[in-house]
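Throughout, read-outs are computed from the coordinates displayed, never taken from laboratory work. These numbers were taken from a predicted model, which means no experiment stands behind them. Here the Cβ positions follow ideal geometry from the backbone for every residue, glycine too, while neighbour counts run over all protein chains shown.
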Amino acid sequence: MDCRFQDKYFDLVYMPVYDRTVASIAPYRRFIEDSAGRLALRSGSSVLSVGAGTGNEILHLAKHATATDFSLVAVDLSRRSLRRAQSKFYGHGDLLEILEMDAHRLAFRDHQFDAVMCLHTMDFVQDSVAVTLEIFRVLKKGGDFIITYPTGRGSSGLAGEIRRSIAGNLRRGRLLSATAEAIATLGASVVYAPLALSNSRRKHALPQSSIERLMESLAVKEFTITEDPAYQDLVVLGKR
Ligand SMILES: C[S@@+](CC[C@H](N)C(=O)[O-])C[C@H]1O[C@@H](n2cnc3c(N)ncnc32)[C@H](O)[C@@H]1O
């Protein structure tokens, strides 16, 4: 799948149904909550979300923040996703700035942000190393970051987590929740199929040793790499 087609597919097909399909399944919600929860939002912080999509991670971050004086900037190539993200901040529009922007060329000053997050996006960019360099260019020294990278190993853990979630709902007699999750999963498989067929995850995979070398070349001293059990992405969390 060429990149322009993929970008159009995101904007016209995948992201408009994202919140009712991919983002409605339990492993996704858990992943976003865990990831956003690992980034502290301090008073006066400016946070950049790269490949923000429909804004779920920044919404989670804002909801759970103890501080109220922070600013969030969301960038994505998909205008429709960003509009949806903006609508989630209805009434709190001053907290969020949304910008249609390519992650390879972030139009920000060096060391502008206190924190950067980039979740489930490296799978789809043309050059994940170039995007990582851009993220570290705009991140302040001592700033926090969380970035996920695809391993290319597929997401076999995802099916198991979805099965357990549906079974759990059935055991508790929550037939509607179980049915809704099954429908969302089916929808997610259908809309994800063209992206999976393009084999993008394997193509864009970065082995852990390459990520470690990349962090070292960027003089990132504090970082951990863990593997998400469902998506089997590598989650890199640290401080610049
Ligand atoms: C799977 S979605 C993830 C959205 C969100 N981070 C989440 O986890 O819910 C991937 C997002 O990356 C965006 N994207 C892909 N390539 C991009 C690029 N080069 N620059 C900015 N955004 C990009 C897509 O438009 C899409 O919104």
### Task
Once you've got the GNM for the chain with C-alpha springs shorter than 10 Å, pick whichever of A65, A85, A103 has the biggest mean-square fluctuation.
A65
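So, counting K/R as plus one and D/E as minus one, what does the shell of residues with Cβ under 12 Å around V47 add up to? All intermediate terms of the calculation are to be shown ahead of the outcome.
Numbers: positive: R42, K140; negative: E57, E97, D114, D144.
Local net charge: -2.
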### the stretch 23-131, relative contact order [Cα under 8 Å, separation at least 6], %
29
### Query
Each residue of the stretch 9-14 in turn: what ³J(HN,Hα) in whole Hz from Karplus with 6.51, -1.76, 1.60 and θ = phi - 60°, glycine and Pro shown as x?
4, 4, 5, 8, 10, 5
### Task
Could you pull out every residue, at least 5 positions away or on a different chain, whose amide H is within less than 5 Å of the one on T121? Hs are placed 1.01 Å off N in the peptide plane, and Pro or chain starts have none.
T148
### Message
Quick check on the exposure proxy: order S87, S78 from fewest to most C-beta atoms within 10 angstrom.
### Response
S87, S78
### Mean-position separation - Cα centroids, the stretch 27-44 and the stretch 59-104, in angstrom
14
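Given the Cα-Cα distance of K88 and R4 and 0.36 nm per residue of separation, how much length would full extension add, in nm? Before the final figure, lay out the partial values.
Working: separation 84, 0.36 × 84 = 30.24 nm, distance 2.73 nm.
Length difference between fully extended and current span is 27.5 nm.
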### Task
Take every DSSP beta bridge whose two residues both sit in the chain, then give the antiparallel share in percent to the nearest 5.
40
### Query
Debye sum, Cα scatterers, the chain, no solvent: what log₁₀ I/I(0) at q = 0.13, 0.18 1/Å?
-0.79, -1.53
## Note on the structure
Expressed in angstrom and rounded, the centroid-to-centroid distance over alpha carbons for the stretch 121-143 and the stretch 207-240 is 12
### Message
Could you derive backbone 3J(HN,Hα) for the stretch 48-59 from the dihedral phi with the Karplus parameters 6.51, -1.76 and 1.60 (θ = phi - 60°), listing whole Hz in sequence and x where the residue is Gly or Pro?
### Response
10, 10, 9, x, 5, x, 8, x, 5, 6, 6, 5
### Message
What are the ³J(HN,Hα) couplings of the stretch 101-110, residue after residue, when phi is run through the Karplus curve with 6.51, -1.76, 1.60 and θ = phi - 60°? Round to Hz, x for glycine and proline.
### Response
7, 7, 4, 6, 9, 7, 8, 10, 6, 4
### Message
Taking amide H atoms as placed 1.01 Å from N in the peptide plane, list the residues 5 or more away in sequence, or in a different chain, whose amide H sits under 5 Å from that of S49.
### Response
V73, A74, V75, M117
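Just from its helices, what would the mean residue ellipticity at 222 nm be for the chain, if runs of 4 or more DSSP H residues each count -39500 (n - 2.57) and the sum is divided by every residue, rounded to the nearest 500 deg cm²/dmol?
Values: 9 runs with 102 residues, N = 240.
The helix-only estimate for the chain comes to -13000 deg cm²/dmol at 222 nm.
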